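Have a look at the structure below before the remarks.
The values are calculated or read from the model by the stated rules, or taken from the named source; none is laboratory data. Everything numeric here is computed off the predicted structure, so don't read it as measured data. Cβ placement follows ideal geometry from the backbone for every residue including glycine, while neighbour counts extend to all protein chains displayed. Note: accessible area is taken over every heavy atom of the protein model, side chains too, but ligands, DNA and RNA are not part of it. Shrake-Rupley method; radii C 1.70, N 1.55, O 1.52, S 1.80 Å.
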Amino acid sequence: MKRLTTLALKGLSFGLAAMISFGASAAVQDGMSKDAIAKRIEPIGKVRVAGESAANEAAASGPRSGEAVFGQYCTACHTAGVMGAPKINNADDWKPRLAQGMDTVLKHAINGYNAMPPKGTCADCSEDEIKAAIEYMTAEI
Ligand code: HEC
């Protein structure tokens with residue numbers, strides 16, 4: 001009888017230990033996966049689905065002008081024509097591209113296109129802001 005009780009106690013404490021260590025490792029895993037999730041969603045959070053929080057942001061600070069976006073982001077490549085980027089207000093560079101239609105050109109600018117980086121590196125730009133920058137770059141054509 002005494003033996004049985006000891007065995008039962010041993011079994012119980014083993015069970016407790018197992019539960020505690022399982023709980024602890026589950027907590028560690030949970031902590032790790034939260035970090036991993038935070039890392040994974042970070043760049044996605046910056047890209048944003050059209051019209052979602054970009055609209056909120058625009059409401060808070062107002063959309064940036066095409067000139068402002070161009071001057072901060074696009075000029076790095078589109079002023080000198082780096083890597084074959086169509087130069088600002090250069091009709092020869094832009095005419096064949098604009099012939100694709102604004103929807104296509106805008107889609108390329110948003111998603112990236114060969115050496116053209118997605119959103120021209122303006123990760124928090126809304127679609128409208130990218131479009132305004134394109135219009136600014138092609139206003140004199
Ligand atoms: C790192 C350099 C770089 C930056 C910064 C950059 N672009 Fe570009 N962009 C390019 C290159 C290179 C091309 C030509 C890609 C090709 O046709 O292969 C291009 C092409 C484009 C096109 C034409 C797409 C088409 O369909 O032909 C548009 C529109 C455009 N960029 C918009 C922008 C806007 C708007 C910005 C700023 C928000 C910007 N780019 C910033 C390099 C850049």
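Annotations for the structure displayed:
- Search result, residues across segment 70-114 that are more than 8 Å from the ligand (Cβ to nearest atom) and touching a His at 6+ places or on another chain (Cβ under 6 Å): I88
- Exclusive hit being more than 8 Å from the ligand (Cβ to nearest atom), at pLDDT below 95 and of a type in the set (S, T, Y), set S126, S61: S61
- Number of positions in segment 91-141 that are under 17 Å from the mean Cα position of the chain (by Cα) and part of a helix (DSSP H, G or I): 13
- Residue within segment 103-113 that is at positive phi and crowded, with 16+ Cβ neighbours inside 10 Å present: no
- Condition met for K131 (open to solvent by 60 Å² or more (accessible area, probe 1.4 Å), assigned by TED's automatic domain parsing to the domain that holds G66, closer than 17 Å to S65 by Cβ and not polar (S, T, N, Q)): yes
- Hey, R97 touching a residue at least 40 places away in the same chain (Cβ under 8 Å) and of a type outside the set (F, W, Y) or not: no
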